[in-house]
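These notes concern the structure reproduced below.
The values are calculated or read from the model by the stated rules, or taken from the named source; none is laboratory data. Predicted model, so just to flag it, every value in this text is computed and none were measured. Cβ coordinates were reconstructed from backbone atoms using ideal geometry, including for glycine residues, and neighbour counts include every protein chain displayed.
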Amino acid sequence: MGTTSIELAKRFDIAITAIDLDEKALEIANSNATRNKVDSKIEFIKANALELPFEKASFDLVLNEALLTMLSNENKEKAVKGYYEVLKPGGKLLTHDVCLFTDDINLQKEIISALTRSINVHVQPKTVNEWINIFSETGYKDIKFISGPMTLMIPLGIIKDEGLFRTIKIIKNGHKKENKEQFRAMRNTFKKYKEYLGFVAIVSNK
């Protein structure tokens, strides 16, 4: 929807290039940027994070929002290397993703399988150390992180992320007949594994 780009443009008065593969999403993002009077600061383009159409050393910052979890291990590394290439020397990669708070391989497989079934997308979250290794092995330095519990399907967490009115809308949509089964499956999965699921936000330097 362009929400993060719009907020960054308004708060920091910076030039932003934002990419997505979904043309409809890009149309909505453009419309939202125009309504917020920051369309001159943001360029929304259709592009693939695994095949970035930018010259090397083009950006001071690359922001990756909850994408890497959705990629295979091979594509995680490919994306992170691509980000490295388009960053200027001294540039920063900012990421946030889902992380696992268990080293039990069998439990990890169980959680990944349950998540994949509940959201109908194959996911591969990592432990904090595994995430950090992906960045360090690519060449990033001075890696710092914060992590904490997952609040994705908890009302207070949704309100914090989306605001009260959007939260009400999300919950109403989730209880529609065509969405109810998946919404319930997602909620039950996050509730069942809440002890082992969390978020990790990482800053890495080129």
With the structure loaded, tell me whether Glu65 is under 30 Å from Phe183 (Cβ atoms) and of a type in the set (Asp, Glu) or whether it fails that test. yes
From the list Lys172, Lys160, exactly one residue is more than 21 Å from Thr69 (Cα to Cα), in a helix (DSSP H, G or I), at pLDDT 75 or above and charged (D, E, K, R). Which is it? Lys172
Please enumerate the residues belonging to region 26-70 that are in a strand (DSSP E or B) and surrounded by 14 or more Cβ atoms within 10 Å (Cβ to Cβ). Ile42, Glu43, Phe44, Phe59, Leu61, Val62, Leu63, Asn64
Pair list, Cβ under 6 Å, 6 or more apart: region 43-62 residue in contact (Cβ under 8 Å) with a residue 24 or more places away in the chain, other residue of a type in the set (Asp, Glu): Lys56/Glu85
State all residues of region 71-81 that are surrounded by fewer than 19 Cβ atoms within 10 Å (Cβ to Cβ) and not in a loop (DSSP other than H, G, I, E, B); if no residue qualifies, say none. Asn73, Glu74, Asn75, Glu77, Lys78, Lys81
Selection over region 175-206 where residues are more than 21 Å from Thr3 (Cβ to Cβ) and at pLDDT 85 or above yields a count of 13
Could you tell me which numbered condition Trp131 fails, if it satisfies all but one of (1) over 15 Å from Asn205 (Cα atoms); (2) in a helix (DSSP H, G or I); (3) touching a Pro at 6+ places or on another chain (Cβ under 9 Å)? (1)
Looking across region 5-25 at residues that are of a type in the set (Gly, Ala, Ser) and within 24 Å of Leu50 (Cα to Cα), the single one that is surrounded by the most Cβ atoms within 10 Å (Cβ to Cβ) is Ser5
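Just give me the residues in region 30-52 being closer than 28 Å to Glu77 by Cβ and either touching a His at 6+ places or on another chain (Cβ under 9 Å) or hydrophobic (A, V, I, L, M, F, W, C) (or both), in sequence order.
Phe44, Ile45, Ala47, Ala49, Leu50, Leu52 - these are the residues of region 30-52 that are closer than 28 Å to Glu77 by Cβ and either touching a His at 6+ places or on another chain (Cβ under 9 Å) or hydrophobic (A, V, I, L, M, F, W, C) (or both).
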Pair list, Cβ < 6 Å and 6+ apart or interchain, from region 122-145 residues that are surrounded by 19 or more Cβ atoms within 10 Å (Cβ to Cβ) to residues that are of a type in the set (Gly, Ala, Ser): Phe135/Ser204; Tyr140/Ser204
Which residue is farthest from the chain's Cα centre (by Cα), if the candidates are limited to region 86-109 and must be charged (D, E, K, R) and surrounded by 15 or more Cβ atoms within 10 Å (Cβ to Cβ)? Lys92
Taking Asn36, is it of a type outside the set (Asp, Glu), at pLDDT 95 or above and not assigned by TED's automatic domain parsing to the domain that holds Glu7? no
